[in-house]
Each structure stands twice: as structure tokens, then as C-alpha cells.
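Novice: Encoded as C-alpha cells, here's the structure I'll be asking about.
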Amino acid sequence: MFGTVQLPLDGVRIIDMTSVVMGPLGTHVLADQGAEVIVIEDRRGDTNRSMGIGPHPELSGVTMNLMRNKRSIGLDVRTPEGYEALGRLVASADVFVTNLRPGSRGRARVTYDDLRVFKPDLIYCAAAGYPADSELADAPAYDDIIQSASGIADLSQRVGLPPVLMPTLVADKTAGLVIANAIAVALFQRERTGRGADVTIAMTEVMRSYLLVEHGASAIPEPPLGPAGYARILTPERRPHATSDGIINVLPYDQSHYETIFRLGGRLDLLDDQRILTRRSRIENGGSLYREVAAILLQRTTDEWIELFRAADIPASKVGTIDELVAVLPLAEHPHGGRYRVTPPLTGQTASADVVRRHAPLHGEHNREVLAEVGYSAAEIDAFERDGVLYAGPS
């Protein structure tokens, strides 16, 4: 564990009223950096608790890392007592995060204007699929839908394939990282000004910005100087290729990289090829150049190529599997779930079991502890449990 080491966000308290992956990932990043995160879960518990098989009914493999360093309270904020408890929690906190849609936020009375009554300098972060002023503001939005709405699914069409979704929750996770960054910036601003902030994250806008970093390309100037899309990577040839005994991914980027590969492959006729002579020509002719390289790669084994490419400082890698990525992670011991693999913090550090200050909580595990901290007596908490204001475990 960290022991006495002070983390960057020590002393920051976050009330997390999010679910699934996007919001929990954002607070996961902040929790790993020392923030005290209190998760408010509904009667069913967070959806990520059932995302895949886990060692405990409330602990999926996703939850064991996504919920680490957090505490959980099962609270019915729709009741007067539950809403009063929410107000006390917000008053004790620095940040409130939600991924309820705008209409739901209003009905639950958890808008910025509602909650800053309890904490005038509150950092409030609301994340949803679409901008609040959009006609789709209250439309349901999951990763699959946002990938299509934001242009991700169009990328495969640009390389002559049917529209497909990336087989990872790229929109959820990218938006989650933006949530963490936006909260950190707002906290820094509050240190300077003393003022809170109303931060809104729209997944479609996040992914639009994400996608257009390179794919805005020639379409960004007005009038456009060409179509959107970065030519070098919009080709089906940008992929791992076969060697004589396996698969390798190599990225010849500079002219010297291509010259080295052509020499190793006996293609001296290509050393003066116009396609490799300038950066622009390499970008525009990426597909055809990758096909030349693919033919050469068949001449040697994967290990032989890796050794040659490392010696020549050419970017290359074997194709790692997800199972291999998991196998090298360090182990920790969960009191309810047993041993599990610890993923690295999403702030650049190496994976280490030391990142775990608190193991992922069970649903409502910290009900009594958290409410006692904001002034409730044992008798009052008993009444909450009896009246269904608090809940724990699967319903």
C-alpha cells in the first residue's frame, strides 16, 4: 500500500453518482491519485458489477479494478430522507459527478443549481451522450450508439469495409478520461479563484474532437482543401502482416526505414521509388507501400524480423494477445473476491498492487460508515435501513 506517501488528490472528496463505465472510469482515475470517492448506487447496484464473470455476485472482473479505492453507499435519493443525506454528502465534498440525462437530473433534483445550494463552491460534472442544448439531449446513449453517431463506424467504410464498431468501449473510456481531466482542471481553477464550476461533458463532442485530430485533415481549412480523413491510416493494408511463421506489425515511417526494409528484402529496385522520398508521398501512398512491405515480411520469421528491426530502430512488434496482457499484471488479495489482477493507473504508472488503497467495495458496504461521517446517529441509520432508504447487496 502507499503508506505515508501523499498522493496528488489527497483530501479531495468526490460524490460519484455515475454508472456503467464512462463515469466510473473518470472517478477511477481520480481515486487512484488519492481522491476519496463515495459511489452512490441504486437498488440494483452499478451495472459494471455484472459485466462479465467475477469471483463474487457483486464483483465482476471489471468492477474489481474500476471500483477500487472507492466506497459504496446504497441510497434512495428519491426519498426525502435519502435526498437530505445526499445534501449532507455534497456539502462535505469538493466534487459531484453524474451521468444522468438532463431530464433525469432535473427530476432527481441533482442539477448544478440544485446541489450548489449545499456547497456553493462545488465542482459539478455532468456527462451524457449529447450536448444539453441538442434535440437529442435526453436520448439514450451507449458506447455503440456514440461510436456510430460520432464517425467511428465510418472509418471502416473509408477503407472499403462495412461499417463496424471498434471492439472496445472507446467512446465510454475516452469520455471517462475527459471527465477526469475536466475535474482536475476545475479543481485547479478553484484553488486560484475560490469558485466552483459547472462542467458538462457530451460524448459526441468528445469523440468528434478525438476523431478529427488527424481525420479532420484537409477538410479543416475553410473552404476545404480536400476530403476529411488521414490517408496513411485509411487503408486496409495498415494492419499486422504475415511472416514466414507468424504475424508482425511494422511501421516504416521515415524514408530510411523503407530503404532498410527494401534492402533486407532484396528489393533494390525500390530504393529510389518516388513514393518514399517525401513525408507527403509516404502518407498519400501508404496502402501501396504497406503491400510492398507485406510481401517482404514473408521471407523471414517473426523473431528474425524483430531482431533486425530493433537493430535498425524501425518500429515493430509482435501481436500481443489480451490474455498475455492480463497474465503479466501483479496480483492483489480481495477480502471477498480472492486474488485478482491489478491494472495500471490510467496516469502512466506501471501496474503495481500498491495502487490499491481500498479494494472494490460491495454494494452499500460503507452505508453506516459514510453516513456517520456526515452526522447521522446510529439510531437514524437504523431507521434508514428499516425504511428502505438504505440498501446493500443485490435486490
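Each value in this text was obtained by applying a stated rule to the coordinates, not by laboratory testing. Keep in mind it's a predicted model, so treat the numbers as computed, not measured. FYI the Cβ positions are ideal-geometry reconstructions off the backbone, even for glycines, and counts take in every protein chain you see.
Novice: Cut-off 10 angstrom, C-alpha nodes, Gaussian network model of the chain. Which of Arg279, Arg88, Arg116 fluctuates the most?
Specialist: Arg279
Novice: Next up: Tell me the net charge near Leu331. Cut-off is 11 Å between Cβ atoms, Leu331 excluded, with +1 for each Lys or Arg and -1 for each Asp or Glu.
Specialist: On the way: positive: Arg339, Arg341; negative: Glu333.
Taking every Cβ under 11 Å from that of Leu331, the sum is +1.
Novice: Please tell me the relative contact order of the chain in percent, rounded to the nearest whole number, where contacts are Cα pairs under 8 Å and at least six residues apart. Could you put the intermediate results ahead of the total?
Specialist: Details: 678 pairs, mean separation 82.2, N = 395.
Reported relative contact order: 21 percent.
Novice: Summing -39500 (n - 2.57) over the DSSP H runs of n ≥ 4 in the chain and dividing by its residue number, what mean residue ellipticity at 222 nm do you reach, to the nearest 500 deg cm²/dmol? Kindly include the intermediate steps, with their values, before the conclusion.
Specialist: Details: 16 runs with 152 residues, N = 395.
When only DSSP H runs of four or more count, the value is -11000 deg cm²/dmol.
Novice: Have a look at Ala219, Ala35, Ala351 and tell me which one the Gaussian network model of the chain (Cα, springs below 10 Å) gives the largest fluctuation.
Specialist: Ala219
Novice: OK, next. Give the label of the value calculated from the structure for Rg and Dmax of the Cα atoms in Å, choosing from [x] 25.3, 86; [y] 29.0, 91; [z] 22.0, 76.
Specialist: For Rg and Dmax of the Cα atoms in Å, the calculated option is [x].
Novice: Same structure again: Would you mind counting up the charge near Glu259? Only other residues with Cβ under 14 Å from its Cβ, with Lys and Arg at +1 and Asp and Glu at -1.
Specialist: On the way: positive: Arg263, Arg267, Arg275, Arg282; negative: Asp254, Asp269, Asp272, Asp273, Glu292, Asp313.
Summing Lys/Arg as +1 and Asp/Glu as -1 gives -2.
Novice: Build a GNM of the chain with springs between Cα atoms under 10 Å: which of Asp269, Asp16, Asp198 gets the top mean-square fluctuation?
Specialist: Asp269
Novice: Another question about this same structure. Distance between Cα centroids, the stretch 69-140 to the stretch 1-52: provide it in whole Å.
Specialist: 15
Novice: Let me check I've understood the local charge: for Val293, count other residues with C-beta under 14 angstrom from its C-beta, Lys and Arg +1, Asp and Glu -1. What total comes out?
Specialist: Numbers: positive: Arg232, Arg238, Arg239, Arg263, Arg267, Arg275, Arg282, Arg291, Arg300; negative: Glu237, Asp254, Glu259, Asp273, Glu292.
Cβ neighbours under 14 Å give a net charge of +4.
Novice: Cross-link candidates for Lys173: which lysines have Cα within less than 27 Å, leaving aside residues fewer than 8 places away along the same chain?
Specialist: Straight-line reach from Lys173, under 27 Å: Lys70, Lys318.
Novice: On a C-alpha basis, how far is the centre of the stretch 303-363 from the centre of the stretch 219-294 in Å? Whole number, if you could?
Specialist: Cα centroid of the stretch 303-363 versus Cα centroid of the stretch 219-294: 31 Å apart.
Novice: If you don't mind, another one. Taking 8 Å as the Cα distance limit and 6 or more residues as the minimum spacing, I'd like the relative contact order of the stretch 241-318 as a percentage.
Specialist: Working: 85 pairs, mean separation 37.7, N = 78.
Relative contact order of the stretch 241-318: 48 percent.
Novice: Can you compute 3J(HN,Hα) from phi for each residue in the stretch 244-254, using the Karplus curve 6.51 cos²θ - 1.76 cosθ + 1.60 with θ = phi - 60°, rounded to whole Hz and x for Gly and Pro?
Specialist: 6, 9, x, 9, 9, 10, 10, 10, x, 10, 9
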